[in-house]
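Only the coordinates and a few stated rules stand behind these numbers; no lab work does. Since this is a predicted model, take the numbers as computed values, not measurements. Virtual Cβ from ideal backbone geometry, glycine too; neighbours counted across all protein chains shown.
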Amino acid sequence: MVDIVWLLPALPLFGFCVLLLSGRRLGDPKAGWFATAMVGAAFAVAVVVFVGLYLKAPEHRVFEQTLFNWIPVGGLHIDVGFRVDQLSIVMALFVTGVSTLIHMYSIGYMHGDDRFPTFFVYLNLFVFSMLMLVLANNFVLTFLGWEGVGACSYFLVSFWFERNSAAVAGKKAFVTNRVGDFGFLLGMFLIFAHLGSLNYGTVFGHVNALSSGTATAIGLLLFLGAVGKSAQLPLYIWLPDAMEGPTPVSALIHAATMVTAGVFLMCRINPILFRGPDTLNVIAIIGALTALYAATIACAQDDIKKVLAYSTISQLGYMMLAVGSGAYVAAVFHMITHAFFKALLFMGAGSVMHGMHDEQNMKKMGALRKWMPITSATFIVAWLSIAGVPPFSGFWSKDDILINAWDKSPILWAIGAFTALLTAYYMSRQVFLVFFGDARWEEHADAKAPAEAEATPEHEPAATEGDAAPAPSTADAHGAHGDFRPHESPWTMALPLVVLAFLSAVGGALNLPINKSTEFLGNWLEPVFGPRLHEVTAATGTKWVLFVVTLALVALGITLAYSVYLKHRVREEAMEPSILRHAWYFDDFIAAVNDGPARLIAVWSAYVFDRKVIDGAVNGVATLVRDTGGTVRRVQTGFVRNYALAIAAGAVVLFAFVVLRTA
Amino acid sequence: MAVPGAWYLTLAAILFVIGAVGLLVRRNVLVMFMCVELMLNAVNLTFVTFARMLNDIGGQIVVFFVLVVAAAEVVVGLGIIVAIFRRRAGATADDISLLKG
Amino acid sequence: MDWAVFIVAGAAILAGALGVVTSRNPVHAALSLVLTLFGVAVLFVAQRADFLAVVQVIVYAGAIVVLFLFVIMLLGVDQAENLEVEPLAGQRPAAIGIGIAGLALLLLPIAFGRWEWLSGQPSVVGPARSATEPNVNLLAKALFTRYLVAFEATSVLLVIAVIGAVVLARRPLSTERQGETVTEEP
């Protein structure tokens, strides 16, 4: 059963090819259903492979299948092959599962778009790349998938490329990722240089041949790749801008799957990280700081998608904190629960935007509970999950991380705990602004309706900073001006929301910390990590105290948001300082550096170094040759007697050699 | 009392060197050619000397062929000189320098 | 007796050689060449190469030098050459240097008597002297058996040389003469 694993990436690849050739003919919505069917079939295959793996004995749960030899060059042998083990099948399962739901959602969301089939072409290509990344049995094939998802991210973020901000955001995503990929490549080179192979089995089998310093270097370089892909400090800058893409893209790529690739890679290379433990410290610190940093920014954003973007960065920071603490199972657990509730949140936001005719500013929403019951119910489930309210799934996974962080360092725990407070606060803020309170959209619609004249583009530009540009509300499709009513979404969009809400609610059952037998995920994944997995050493009493403290912080966060945004006890502006609105001015800082010192360096390199040194060297060689030729050609005097002299001289030399050699 | 071969060889060597220096120093084409003939004669003398010293007729055979080839060479060489220097009066070897690089 | 012959012939050879090299007038040089050639022929006879001595006189002194004199007269290159000036810089010192070096190298093995410095594999074609047979017979025996192909090749060479000389030295045809100045210019 396990050997049908090659079907897993083959199905979305097949979907990609078919849609590439005849997507336009299939049209809206058949192209979408076809793509969904392919990914759904891939999910079914993943289930079958999982069952096949489950039926094997725990020691035998690693299955390698090689399709063909890809690069046989000298000492480098790279195959296209798959490694099905407990970790990769878990990843494949939730990637294909969540992807199927999002494909279905996209059918409704992208309905009416001119390039509807193209969207699904890219989505299928993305799923194929992600599966290659996850199932690969060697670093190079993983890198293929890594770059593939990066490319698809670029395609999809700049899907509406007619809008300049979208095109720019796509480029930013790709270029920032490339900075990280540079680290990934160097890490691969180091591994190959020291171990002579890039196959996971071989590398991890011989990891003790590396010195601790080399392993640390490799770990840090590969982590640099993860920093880019999983949007950690300082390479997170592409993710908020990537919200320019359609919301299903944000849900799939920038919440559930692509951004988790970095965490997955860290889990995959856990033997290398164990061999160079300093890397783990770096990962933990960066993860914790990223979590805190992004959470602070999310507290002051008005764009519904930007809040979720920074929230994603923050949650990814949690996952890296878990990895750094050696709690790989906690990281994977949080990855899964996060996929559920973050995809749900994004899709819910998309549903809200769809119903509000593409309004994205939360300050112009409110009281949507009445108009969008399904959306708001599912969104609330996701909110409770991400905030960390038991018994929803997010609580269990976040608590798992925090306990392991406490074992690593109480300071890291403190950062994580404070971030939990902020998470509860900003997510509650979002829910209260959008679904509760006053219906602020009515006042805006009335004010804008008489002034509105032109048909606006279907999807308006997203704000780059906290304050959304006030766009004219598109009251086109829904009757005359002033007759603006939000509405619920079609079933293709609502069904995935319900499914994900269910999963967000009960997902905690995967790894309940009650006793060994309920920790399904932990038991399943344990052979992958072995002794490198951190076992919690805190006493049960400590665990209960931490549990209560976390709950208290969550309650505090929710109450604070309630009092500011529903009861209006504190002015909103006081809680949203400008520095947070502008994301600590980090993007502005980078722009200033690039326009200043970086530009100077570039100008110097182009006009001074390149012209004088490099061109000078190249031209210098030519000049040298020419001048040498000019000098040497003076031997050719044209006079026969000079030539005769040369011949005679040569003859004398040869003769001298012959005569004197034996003398 | 026969003269030892070494003396003949020395004589031939001196003759050869005189011919070589003459070839390099003179500008008149015909005189240069005559110096070449000097060198060839020196070689002939050497071969004949060795034929006597080693009691081998092979040396004389070589001289025979050298003689024939020298004759042919003179014929063709003078033909070339005639062809080149027909119109020029007082031409020397230094005047043909069109191959100057 | 042999010594006397050697010394006289040697003196003639060297005098003729120096005459060739130092004469201003090419006709004088040609006549000096004749002196050298005769001297060499005498030394051939002294070394029992009779046939070659005769051939030397007939071919070299008789034909080749005459050819030289014909060309001298034909081309009018009988003017004296100015031997004082040397237009090419460094030619004379270099030539003299080479001369001295060459001479030294040539005389070295002779002085030390070390022929093995210069010689290769020994091989004997046939005896150079015989009590019964004259020199011509010995020469002919080797020439027409062992070196027959080379002999035939030299006859071809002579034919080619004749043809070449005719082609090179002929005057251009009358049709080419109209408007020609360049065709036969080298």
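Results, tabulated for the structure shown:
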{"item": "Per-residue ³J(HN,Hα) for the range A:67-72, Karplus 6.51 cos²θ - 1.76 cosθ + 1.60, θ = phi - 60°, Hz, x for Gly and Pro", "result": "7, 6, 7, 8, 10, x"}
{"item": "Neighbouring partner chain Cβ atoms per residue of B:33-42, average, 10 Å criterion", "result": "6"}
{"item": "Exposure rule at most 13 other beta-carbon atoms within 10 Å, DSSP loop trypsin sites (Lys or Arg not before Pro): chain B longest free segment", "result": "B:1-86"}
{"item": "Length-normalised contact order for chain A - Cα pairs under 8 Å, 6+ apart - percent", "result": "12 percent"}
{"item": "The range A:126-261, relative contact order [Cα under 8 Å, separation at least 6], %", "result": "28 percent"}
{"item": "Where only C-alpha atoms are counted, convex hull volume of the range C:80-177 per residue in Å³", "result": "304 Å³"}
{"item": "The range A:156-212 - Rg and Dmax from Cα coordinates, angstrom", "result": "18.1, 53"}
{"item": "Average beta-carbon neighbours from other chains, 10 Å sphere, peptide B:47-55", "result": "6"}
{"item": "Dipole magnitude of the range C:80-177, debye to nearest 20 (Cβ charges: Lys/Arg +1, Asp/Glu -1, about Cα centre)", "result": "280 debye"}
{"item": "Alpha carbon centroid spacing (whole Å) that separates the range A:554-606 from the range A:337-351", "result": "24 Å"}
{"item": "Shape box of the range A:100-215 [Cα atoms, principal axes, largest first, Å]", "result": "58, 29, 16"}
{"item": "Highest to lowest packing among A:248-259, A:307-318, scored as the average C-beta count within 10 Å", "result": "A:248-259, A:307-318"}
{"item": "Dipole-positive endmost among B:L40, A:G508, A:M319 within the protein assembly as shown (Cβ charges, Cα centre)", "result": "B:L40"}
{"item": "Centroid-to-centroid separation of the range C:59-74 and the range A:275-300 [C-alpha atoms, Å]", "result": "106 Å"}
{"item": "Space enclosed by the convex hull of the alpha-carbon atoms of chain A, per residue, Å³", "result": "233 Å³"}
{"item": "Lysines whose Cα lies under 24 Å from that of A:K398, excluding same-chain neighbours fewer than 8 positions away", "result": "A:K229, A:K305, A:K306, A:K342, A:K408, A:K516, A:K543"}
{"item": "Likely footprinting exposure, A:W160, A:W383, fewest C-beta neighbours within 10 Å first", "result": "A:W160, A:W383"}
{"item": "Dipole magnitude of the protein assembly as shown, debye to nearest 20 (Cβ charges: Lys/Arg +1, Asp/Glu -1, about Cα centre)", "result": "2080 debye"}
{"item": "Charge dipole magnitude, Cβ of K and R +1, D and E -1 - the range B:5-87, Cα centre, debye nearest 20", "result": "380 debye"}
{"item": "Spatial extent of the range C:1-78: Rg and Dmax, with the Cα atoms as the point set, Å", "result": "13.6, 45"}
{"item": "Convex hull (Cα only) mean projected area of the range B:5-87, reported in nm² to one decimal", "result": "5.5 nm²"}
{"item": "Shielding by partners, peptide C:135-148 (average Cβ within 10 angstrom, other chains)", "result": "2"}
{"item": "Tail fraction, Cα-Cα pairs, the range A:557-663, threshold 19 Å, whole percent", "result": "77 percent"}
{"item": "Radius of gyration, Dmax [chain C; alpha carbons; angstrom]", "result": "22.2, 69"}
{"item": "Mean separation of Cα contacts under 8 Å (6+ apart) over length of the range B:5-87, as relative contact order %", "result": "26 percent"}
